1. Please enumerate the residues belonging to the stretch 399-427 that are farther than 27 Å from Gln127 by Cα and in a loop (DSSP other than H, G, I, E, B).
2. When the stretch 192-225 is examined, which residues are found to be closer than 16 Å to Leu52 by Cα and not in a helix (DSSP H, G or I)?
3. What about Val189, is it of a type in the set (A, V, I, L, M, F, W, C), part of a loop (DSSP other than H, G, I, E, B) and assigned by TED's automatic domain parsing to the domain that holds Val470?
4. How about the stretch 738-763: which of its residues are surrounded by fewer than 20 Cβ atoms within 10 Å (Cβ to Cβ) and among the β-branched types (Val, Ile, Thr)?
5. Would it be correct to say that Leu416 is surrounded by 21 or more Cβ atoms within 10 Å (Cβ to Cβ) and more than 30 Å from Leu163 (Cα to Cα)?
6. Restricting the search to the stretch 765-800, which residues are surrounded by 14 or more Cβ atoms within 10 Å (Cβ to Cβ) and over 22 Å from Ala740 (Cβ atoms)?
7. Given the criteria surrounded by 20 or more Cβ atoms within 10 Å (Cβ to Cβ), assigned to a helix (DSSP H, G or I) and either free of Cβ contacts under 8 Å to residues at least 60 places away in the same chain or touching a strand residue (DSSP E or B) at 6+ places or on another chain (Cβ under 6 Å) (or both), does Ala681 qualify?
8. Scan the stretch 709-716 and give yes if some residue there is more than 30 Å from the chain's Cα centre (by Cα), of a type in the set (D, E, K, R) and farther than 16 Å from Gly738 by Cα, otherwise no.
Amino acid sequence: MSACVPTRHDHTSRSSRPPRASGIKRPHSPPPRNGRFRIAGADLSASITVFLLAVPMSLGLAVAMDAPLEAGLISAAIGGIVAGLLGGTPLQVSGPSAGLTVVTAELIQIYGWRTTCAITIGAGLLQILLGSLRAARSALAVSPAIVHGTLAGIGVAIALAQLHIVLGGSPQSSAVANALALPDQLGRVSPAAPLIGVLTIAVLILWPRIPGRIGRVVRRIPAALAAVVTATVVAAITAPGIARVDLPSWRSHALPEMPHGPVLALATAVLTVMLVASLESLLASVAVDKLSADRAGGQAAARPKADSTSASSSGPASSSGPVSGPVSVSGPVSPSALAQGRPGPACPSLPDPPVRRSDLDRELRAQGIANTLSGLVGGLAVSGGAVRSSANVRAGATGRASTVLHGVWVLLAAGLLVAALEQIPLAALAALVMMVGIQMVSFAHIRNVHKHREFLVYGATITGVLLFGVLKGVVIGIAVAVAVAMHRLARTRITVTEQGGQHLVVVRGQLTFLAVPRLSRALARLPQDGDAVVELDGFFMDHAAYETIQDWSIAQTAHGGRVVFTGRSGGRIAEPASAAHSCCRPWTPWRNHHCHDRPGQTPETHHARLDTGRAPDCGSGSVEDRSPEQHTSHDTSGTHSTPGPAGSPTAAPRRTGGNRLFSGLSSFQRNTAPLVREELARLAREGQRPSQLFITCADSRLVTSMITASGPGDLFTVRNIGNLVPPPDAESSDHSVGAAIEYAVDVLKVESITVCGHSGCGAMQALLGAKPDPDTPLTSLWRWLRHGLPSLKRMESRHHAWARISGRLPADAVEQLCLTNVVQQLDHLRAHGSVARRLAEGTLQLHGMYFHVGEAQAYLLAEGASDGLTLDEVFNRVDPGDAHASSDSHTPADAHALAGSHTPSDSRSPGDADTPRPTAPGDPAGSGELERTGV
């Protein structure tokens, strides 16, 4: 019985349930109530990290806005406590808004500090109203090019203003004035402030890049804190007279007053503050969601390896083959540990709570409440910050406690650490804020908007923000976006070319009634009985254009012509009706991949239905619509059953091989053949030209076309027991493998040969197991397996390094032999004359590959080992992001066939380093016969 499932008896059924306070949700119980505020150890440490980052940033932003310095600390404390408690993004950290730096500085210069506080209150009330109206998602409907262009323009303005302070001067009233005054400022620069600023920037850049163990330790300290502390110490020693932070007495702190000024101007100011603060907060919430999901995904990916490592270290496995079903534990497990959700000796760790998406409307209301309170007590405008929030997530925060505690620490620092804060040079804070402004101009966003052809909108928004202010810049960006959209909607290019007797009609742009006359003229010029391909490269077609194309297509077909509609990539837009209405999903378990089965339907009735030629109904019995009780399952013996009520003797009978073959062929003809018929017809005309010879095991779990992302005509495949390549001079050499190699290399001229092994190979288990009786005649299987004996000898030899997976040793002797066998078969390949000749010419490459079935993970043998040039036989993990890197070490055809490339040799995954060494190769590890799990 699994160690993770407590035994439940009738007399202890109540006591074995987890208590309500344990946080474990019992089946069919309401969701746990999380109303009580809890502080975890990770939240406490994360709050300190964010606090150390928030203090210098808050002071720096206050300096940049020319606001009272204590106002920055007030807004950081209120943002952390109020927005942290009430917000819809628990891990987001709010504080002084970097995006409002330019706006607030202009408001203070025009209206004064006290009126600016009143404007902040008005913006907060407006945020509360919009959040109550559930308008948060609508705010994100603005084009990303406008949003990122606005923030980038603000970032440029911040950087220009703070550069004057770094140079020892004071900023001007606008970004244009700051740019024009920069040459004069450079002419009268003083050395102390620029040197402190350069030192601060250097520490900010180099601190996260400190290598080695020292770097891992010091990176726990935020770079902003390290930079400010370093600059403060250096300034105290070398420049005692430099301008420093001056925190006035709290008794002189100014509170808001009734605003004075034109009503329209004040309303515009309130709207601008609300707009920028809301956009910055909502974008930060979306970014925090992504960071949280990435962190949870990384932990989920690491957990299976860590669990398997802990399970393997608890004791030897009971069998050498793959384990199916629950894992048994040799040591005792206390019932209390199980009841409280604590894992036992081999029990996997409990998963983290699921990542919850942000409630943006609640977050907007919380930001409004925080801004209202901040304005009432004389603080800066508050918004969610991406810098502070990302630091919070990366520090390991698990809930809103870290955000709230960070606000508490800021509040305590504002009252107790005034003397220490007043030692900070203004140039260091200005350099810190200048780097924040530079980082707001994201090159990733620039590449993204350029890829989507939105750079004109992005550039217009930046220019408008810099020249005319934030609100007018946003209006300019929206106007340019609308003009670009109208231009794209009205601009349609139609070209007609003839290729090999077939006419190609290419339509670029959107098809509206404005383009119908030109489209009709172009289609009318085509022969009525000819073949035509219509390539539609657009995302919109109105009713008039649709009717024009539809009527022409019907008329063309009626006259004997043939019409195919494709997209820009060449893929067909309209698939056959039978495929469009198919209810099969391509990657459901293959034994269950028959959605036409119904509960209780026998193979005979299914066979009869197929004979009628009727397509199966995609009703309630389809794979997608089936309830969990209707899904089929497999037990450890591999039988096929349908679970029913407890004790129910009924089970769907397993189909015979003939019926399964017939239904599979019928499904192919109905769903797949219409989609591949043209490609197969082309291959039939032109002949096969595969790029690769792929030698792998006959194991049914290895689907070569799936794991290499290849299709018809890509791979020339040889499959046998154990992916063996007999040497050409071996006794009773198998001529079928040699003939396939010779044909692929000399006739088909393949560019590479891949030998692919896999985990849990039954042939390798048999080689490690008991040897056959010498008095018993060898069976065909054992005569074939003799070609694998060199692999066994290679593994036992002291003259060869053990083949291994990068970052860990093989899990057991079977995996060790599977890896070694791939290397040995590559040596056998080099002994074939045709292969040796092509290798000498440099026109052929050899690759070793290992596929871990249980992890669905491919590994490639390092390039030097594949060529036989190095003794270190390391298989590197192929990651999803390696597809484009393959062009550096493989031919384009290999890159397409393998869909991956090498990862760095020092890459490792969590838990790999503690994987135990395999058992001794000489120790029998199998039963001497092929396992049911595969060959």
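1. Looking only at the stretch 399-427, we keep the residues that are farther than 27 Å from Gln127 by Cα, and these are 412-427.
Those that are farther than 27 Å from Gln127 by Cα and in a loop (DSSP other than H, G, I, E, B): Leu417, Glu422, Gln423, Ile424.
2. Result: Arg219, Arg220, Ile221, Pro222.
3. Yes.
4. If the condition is that a residue be surrounded by fewer than 20 Cβ atoms within 10 Å (Cβ to Cβ) and among the β-branched types (Val, Ile, Thr), then Val747 is the only one that fits.
5. No: the conditions fail for Leu416.
6. Selection gives Gln765, Ala766, Leu767, Leu768, Gly769, Pro772, Trp782, Leu792, Arg794, Met795, His800.
7. The answer is no for Ala681.
8. No, there is no match, as no residue in the stretch 709-716 is more than 30 Å from the chain's Cα centre (by Cα), of a type in the set (D, E, K, R) and farther than 16 Å from Gly738 by Cα.
The values are calculated or read from the model by the stated rules, or taken from the named source; none is laboratory data. Predicted model, so just to flag it, every value in this text is computed and none were measured. Glycine gets a Cβ as well: all are built from the backbone with ideal geometry, and neighbour counts include every protein chain shown.
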